[in-house]
Amino acid sequence: MDAWPPAPVPILPPSHDPDLDGRAHVFDTVTRGLRIVGPEQGTAGLYVCGITPYDATHLGHAFTYLTFDLLHRVWLDLGLAVDYVQNITDVDDPLLERAAETGQDWEELAAEQIELFRTDMAALRVLPPRHYMAATETLHLVIDTITDLRSKDLAYQVADDEYPDWYFRSASVEHFGVISQLTREQMIAIFAERGGDPERLGKDDALDSLLWRLARADEPAWDSPHGRGRPGWHVECTSIAQRYLGETFSVQGGGRDLIFPHHEMCAAVGRGVANGARFAHSYVHVGMVGLDGEKMSKSRGNLELVSRLRQQGVDASVIRLALLAHHYRNDWEWFATDIDSAQRRADAWRSAFASSHGTPAAPIIDNLRRALRHDLDAPRALAEVDEWTSAALAGDGTDPDAPRQVAAAVDALLGVRFG
Ligand code: ZN
């Protein structure tokens, strides 16, 4: 699948501050602490779970992809290459249910929503994944993964005469549970809430996850050595990640609601395939965005969409600034007035970047790097630019190159550029 066109990323001058940390540190869900992510040199591998294409792109999703865009930009600024992979779950129960509700063809719905997502991401200047892979174009990868798991007795067919679907022995894999750190009872409860089927009869273990769902009437299905059917969600991400990033890679990311079951199950399948080798080095999770006091979610129908704001005439750079005003680890609530404060900030920055001089750029560029390398602290980075902006607008500083240099740093590191 084609991703979206990349925005150019300016290359910034190296820092001369000996105290500036030369690595990216991000909060890792497994170790519950800051951890260096990415290699010292070479290529960082990033897998961020993509959308199920309906209701694209609400602000909760946009916040997640922006967060990993910051990490992408931090790595680029550190001189690393970034191999970024994202999937599209373009065949799954929620998509098929939505299509059935509205009477729309599921493929048409998916295609429309994928296009909308791509347009939103390009407008927000999110750097595109190198590999943007849809479930329907990677069926062969899933099929191969299941063949491999079967050969290791990690896959089995559920005892169901009508639909003996294939399941993965999740709980039998070593280290199952280290990401979520939940008790078995908590896992079962959350699994049931988030699309799992712990209560299904015929499974060997309540926490085993679906690998391949055999064809039902009126559902899309594909031929495979495991029977005609369609892939489960967790095995989809694992298969795509391992195909393009190798057995083990730097970071798997997503919203905090993906910790369990999704990322726990992905990691378990990954270890099963890789004979026990860990899946991602680190797991990074983004807080939930609320609207009117509740988590923004498709099932609740309380969504604010990037495309709707853009239709209302809000500049995408202003949406980006409104989202970056929140730290990625916090849960927060969206208010319509967030746009007003982001617009004021954008206006001030734009004026400062256009001024004829300012205070020197090097210290503020160091501070931006420091903030982002320390757990992607975007709010602190914005405050640094605000401070420089206020000084520039007050007429402080005589460096004629500073406005252009600060604008380039804001573009490279924060992805904010005014058209
Ligand atoms: Zn995923």
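Points to keep in mind about this one:
- Relative contact order [Cα under 8 Å, 6+ residues apart], segment 302-414, whole percent: 31
- Candidates R98, R350, R32, ranked by Gaussian network fluctuation over the chain, Cα under 10 Å, top entry: R32
- Given R0 = 35 Å, the distance between the Cβ atoms of A221 and H327 translates into a calculated FRET efficiency of 0.20.
- Compactness index (Cα Rg / 2.2 N^0.38 Å), segment 302-414: 1.11
- Gained length - A394 relative to H175, 0.36 nm times residue gap less alpha-carbon distance: 73.2 nm
- Relative contact order of the chain, pairs being alpha-carbon contacts under 8 Å that are 6 or more residues apart, as %: 21
- Judged by the mean number of other Cβ atoms found within 10 Å, the most tightly packed of the peptides 172-182, 270-280, 389-399 leads the ranking 270-280, 172-182, 389-399.
- Relative to its residue count, segment 24-291 spans a Cα convex hull of 129 Å³ per residue.
- Other-chain or far-sequence residues with amide H under 5 Å of G255's (modelled H): V286
- Sequence-distant residues sharing a close amide H with R329 (under 5 Å, placed H): G287
- Between segment 156-212 and segment 38-75, the alpha-carbon center distance in angstrom: 27
- Cut-off under 5 Å, modelled amide H: who pairs with D90 long-range: A135, T136
- In Å, descending, principal axis extents of the Cα set of segment 221-334: 50, 34, 25
Here, each number is a calculation from the coordinates, and none is a lab measurement. These numbers were taken from a predicted model, which means no experiment stands behind them. Every residue, glycine among them, receives a Cβ derived from its backbone with ideal geometry; neighbour counts consider all protein chains shown.
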